[in-house]
Amino acid sequence: MESKRGAAHAAIQTLPILLVEAAIVVLHFAITRGSVWHEPVLLLLLIPVLLATAGGVRTAAPALVLPFLALVDDVASGEPAEIVIEVLFLLALTAAGLLIAHAVDVERAGNDRVLAETRKRAARLKDTSGIWQNIALTRMGAYATGVEEAFLDEALKTLPSGTIVDVGAASGRLEHVLLRHAARVIATDLNRDEVYAMPEDPKLTPALVGALPTLPVRDGAVDTVIAIEVPAASDQAWFREECRRVLRPGGTVLVTMYNARSYKGLFTRIRRRLRRSGTQHWDNLYYQRSTAEQIKLWREVGFQRHRTRAYYWPPLGRQSNSQWVSVGSAIERLLGLGRLSGISPCVLVELRQVDPTPET
């Protein structure tokens with residue numbers, strides 16, 4: 001039954017796209033041979049094909065078959081050069097469309113899995129009204145959570161089990177990953193409701209903290225400090241000094257860096273200038289420095305970059321529930337944008353404390 005509903009939904013999605021393609025093919029037939037616009041008109045097919053790939057392979061497949069009707073007029077007229085050009089173009093269009101559509105299906109399946117797991121964890125919370133919990137249940141939230149989970153899992157499995165401090169843990173959005181690798185997790189947040197909404201776990205210690213720039217642990221007491229999507233800490237001098245204080249020698253910091261040298265950083269700076277100077281706004285915390293500048297500041301207090309993962313390329317808001325989230329994240333993976341930490345909007349960074357070399 002679900003399969004039939006899915007097929008019907010895909011047909012409804014594809015119909016407008018097929019009508020647009022049919023109009024382009026008719027225009028292709030109608031244009032006089034020899035005109036300079038005879039071949040370029042086929043470039044218009046890129047628009048409906050891109051729209052079709054947003055729905056995955058099910059919607060893209062019929063949209064990729066129809067454009068081949070454009071070959072009919074050239075075959076009938078016996079113009080081999082035009083036939084070769086159009087065949088190559090349409091084959092490239094088909095291959096690219098199917099590649100993107102398949103990647104979109106993979107991304108959507110991954111996001112659906114993350115959403116399902118997030119809903120299960122949310123059912124264990126004592127209070128589900130937290131803002132981060134709601135954000136995590138959007139498509140953009142599922143994309144970001146999936147990337148962050150994979151990065152944390154990859155980093156923590158290489159480290160010895162120990163004590164982790166999670167700064168800005170909210171209601172424990174990522175604690176399930178930390179608990180897989182840590183002997184103990186101290187989850188801190190400014191919001192009382194978020195802290196006390198966390199589910200009970202013998203290895204988890206929720207800790208309400210104040211606005212003072214300090215971490216609630218003694219010197220050299222922890223092995224790892226986490227600050228994922230917490231700009232109020234990760235790009236602040238006090239946080240870097242506190243990490244140096246509380247970490248044991250060779251400790252690790254895992255943070256999200258908001259890169260001012262990115263297209264989202266540029267748009268954020270434009271919004272700041274359009275607002276009146278001195279106006280307090282939440283996005284004043286974001287995109288203050290480039291990734292390179294932030295890593296340099298960490299290096300000055302004794303940390304070296306060990307691992308990075310760039311993300312947040314889709315041009316959508318943090319709370320977006322659009323189906324284009326999967327398209328954006330699919331293109332991000334296909335183009336390898338996760339490696340471009342220098343220009344990516346956000347970068348997950350693993351920093352390791354360098355043991356001071358004794359003087360000789």
Checklist entry - If only one of Val36, Val57, Val84, Val20 is surrounded by fewer than 12 Cβ atoms within 10 Å (Cβ to Cβ), modelled with pLDDT of 75 or more and not assigned by TED's automatic domain parsing to the domain that holds Leu335, which one is it? => result Val84
Checklist entry - Hey, among the residues in segment 170-181 that are touching a Leu at 6+ places or on another chain (Cβ under 9 Å) and not in a helix (DSSP H, G or I), which one's surrounded by the fewest Cβ atoms within 10 Å (Cβ to Cβ)? => result Leu174
Item to check | Scope segment 143-162; condition over 29 Å from Thr128 (Cβ atoms), touching a strand residue (DSSP E or B) at 6+ places or on another chain (Cβ under 7 Å) and either small (Gly, Ala, Ser) or part of a helix (DSSP H, G or I) (or both); matching residues | outcome: Gly162
Item to check | Count of segment 148-164 residues which are crowded, with 22+ Cβ neighbours inside 10 Å, within 16 Å of the chain's Cα centre (by Cα) and aliphatic (A, V, I, L, M) | outcome: 1
Checklist entry - Quick check: is even one residue across segment 344-359 among the polar types (S, T, N, Q), assigned to a loop (DSSP other than H, G, I, E, B) and touching a residue at least 24 places away in the same chain (Cβ under 8 Å)? => result yes
Item to check | Exclusive hit being under 25 Å from Leu208 (Cα atoms) and in contact with a strand residue (DSSP E or B) (Cβ under 6 Å, 6 or more places away or on another chain), set Val165, Val177 | outcome: Val165
Checklist entry - So which residues in segment 166-217 are basic (Lys, Arg) and more than 20 Å from Leu247 (Cβ to Cβ)? => result Arg173, Arg180, Arg192
Checklist entry - Out of curiosity, is Lys203 more than 30 Å from Gln323 (Cα to Cα) and in contact with a Leu (Cβ under 8 Å, 6 or more places away or on another chain)? => result yes
Next on the checklist: Condition check: at pLDDT 90 or above, within 30 Å of Leu99 (Cβ to Cβ), surrounded by fewer than 19 Cβ atoms within 10 Å (Cβ to Cβ) and among the polar types (S, T, N, Q). Does Ser262 satisfy that?
Outcome noted: no
Checklist outcome for this item: Counting only residues in segment 165-205 that are of a type in the set (Asp, Glu) and closer than 20 Å to Val230 by Cβ, the one nearest to the chain's Cα centre (by Cα) is identified as Glu175
Item to check | Members of segment 182-194 that are assigned to a helix (DSSP H, G or I) and touching a Ser or Thr at 6+ places or on another chain (Cβ under 6 Å) | outcome: Glu194
Item to check | helices (runs of 4 or more DSSP H) enclosed by segment 54-130 - at least 3 residues per element that are closer than 30 Å to Asn191 by Cβ and within 33 Å of the chain's Cα centre (by Cα) | outcome: 80-122
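Restricting to segment 199-215, what's the tally of residues that are among the β-branched types (Val, Ile, Thr) and exposed (fewer than 13 other Cβ atoms within 10 Å of the Cβ)?
Matching residues across segment 199-215 total 0.
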Next on the checklist: I'd like to know if segment 309-327 contains one or more residues that are in a helix (DSSP H, G or I) and in contact with a Lys or Arg (Cβ under 7 Å, 6 or more places away or on another chain).
Outcome noted: yes
Next on the checklist: Among the residues of segment 107-132, what is the count of those that are hydrophobic (A, V, I, L, M, F, W, C) and surrounded by 15 or more Cβ atoms within 10 Å (Cβ to Cβ)?
Outcome noted: 5
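The values are calculated or read from the model by the stated rules, or taken from the named source; none is laboratory data. Here the structure is a predicted model, which is why all the values come from computation and not from measurement. Counting neighbours? That spans all protein chains shown, and the Cβs are built from the backbone with ideal geometry, glycine included.
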